[in-house]
Amino acid sequence: MAVRPLVQTNDPVLRQRAQRVTSFGVALQSLITDMVDTMQAQKGVGLAAPQIGVSQQVLVIQFSENEKDAERGELYILCNPKIVRRRGEEPETEGCLSLPGFAGEVPRATMVTVKGQDAEGKPVHIKAHGFLARIFQHEIDHLYGKLYIDRVESAEKIWRVQPAGEGDEGEVESL
């Protein structure tokens, strides 16, 4: 339907706990469609509603093991998600569409179990491992007013990212 503008780190909606979804009607379906369009247009792998200025507990994730085919990856749509189990921990590099130009090393669980509701309000139960688990944790954090920079161990573990070809680091996939 529409690609919406992304809010940046200084927008207060990113630091607030988002409201639970209680109505699973046409307005929610429209929001979800816009979120998927926005995520794909920005070449992200996940997007939470607060990132487009909407304080609702909605996230979309599209992930494929084949990075070159990300838009054909499985699409996850979750309302009111909650992590109910975590296992393992590993630091990895993360970026964020709402913090363009930066990346950081963030410790996250290597496996999570997430419960929530789908776009119609039906219960959903997902077990995610590896990078997909990281994406779920990153997007769920947005719903609780947290950014990945809140989880880095020190300021030295955040750095500026230059587009590929302009520096040594290249691009970091934004979550």
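The values are calculated or read from the model by the stated rules, or taken from the named source; none is laboratory data. What you see is a predicted model, and the numbers here were worked out from it, not measured in a lab. When we count neighbours, we look across all protein chains shown, and the Cβ atoms used for this are built from the backbone with ideal geometry, even at glycine. Calculation scope for accessible area: heavy atoms of the full protein, side chains included, ligands and nucleic acids excluded. Shrake-Rupley method; radii C 1.70, N 1.55, O 1.52, S 1.80 Å.
Being open to solvent by less than 30 Å² (accessible area, probe 1.4 Å) and in contact with a Leu (Cβ under 7 Å, 6 or more places away or on another chain): is that true of Val13 here?
So Val13 does not fit the description; no.
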Checking the condition in a helix (DSSP H, G or I), surrounded by fewer than 19 Cβ atoms within 10 Å (Cβ to Cβ) and among the β-branched types (Val, Ile, Thr), which residue from Ile135, Ile126, Ile149, Ile140 passes? Ile149
Applying the selection to region 2-16, what residues are closer than 18 Å to Leu59 by Cβ, outside any loop (DSSP other than H, G, I, E, B) and more than 14 Å from the chain's Cα centre (by Cα)? Val13, Arg15
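Quick check on this structure: which one of Gln51, Gln40 is surrounded by fewer than 19 Cβ atoms within 10 Å (Cβ to Cβ), within 13 Å of the chain's Cα centre (by Cα) and part of a helix (DSSP H, G or I)? Working first, answer last.
Values: Gln51 fails: surrounded by fewer than 19 Cβ atoms within 10 Å (Cβ to Cβ).
Of Gln51, Gln40, the one residue that is surrounded by fewer than 19 Cβ atoms within 10 Å (Cβ to Cβ), within 13 Å of the chain's Cα centre (by Cα) and part of a helix (DSSP H, G or I) is Gln40.
I'd like the full set of residues that are part of a strand (DSSP E or B) and either under 10 Å from the mean Cα position of the chain (by Cα) or small (Gly, Ala, Ser) (or both), limited to region 109-123.
Across region 109-123, the qualifying residue is only Gly116.
Of all residues in region 152-162, which are in a helix (DSSP H, G or I) and either touching a strand residue (DSSP E or B) at 6+ places or on another chain (Cβ under 6 Å) or under 18 Å from Pro81 (Cβ atoms) (or both)?
Hit for region 152-162 is Lys157, nothing else.
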Within region 64-74, is even one residue surrounded by 13 or more Cβ atoms within 10 Å (Cβ to Cβ), at negative phi and either of a type outside the set (Gly, Ala, Ser) or at pLDDT 95 or above (or both)? no
Filter region 108-140 for residues that are within 14 Å of Ile61 (Cα to Cα), among the charged types (D, E, K, R) and touching a residue at least 60 places away in the same chain (Cβ under 8 Å) and give the result. Glu139
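Taking the conditions exactly as written (more than 19 Å from Glu94 (Cα to Cα), crowded, with 18+ Cβ neighbours inside 10 Å and at pLDDT 95 or above), does Val3 satisfy them or not?
Answer is no for this residue.
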Which pairs have Cβ atoms under 9 Å, sit 6 or more apart or on different chains, and link a residue in region 18-45 that is in contact (Cβ under 8 Å) with a residue 60 or more places away in the chain and aromatic (Phe, Trp, Tyr) to one that is open to solvent by 30 Å² or more (accessible area, probe 1.4 Å) and not in a loop (DSSP other than H, G, I, E, B)? Phe24/Gln117
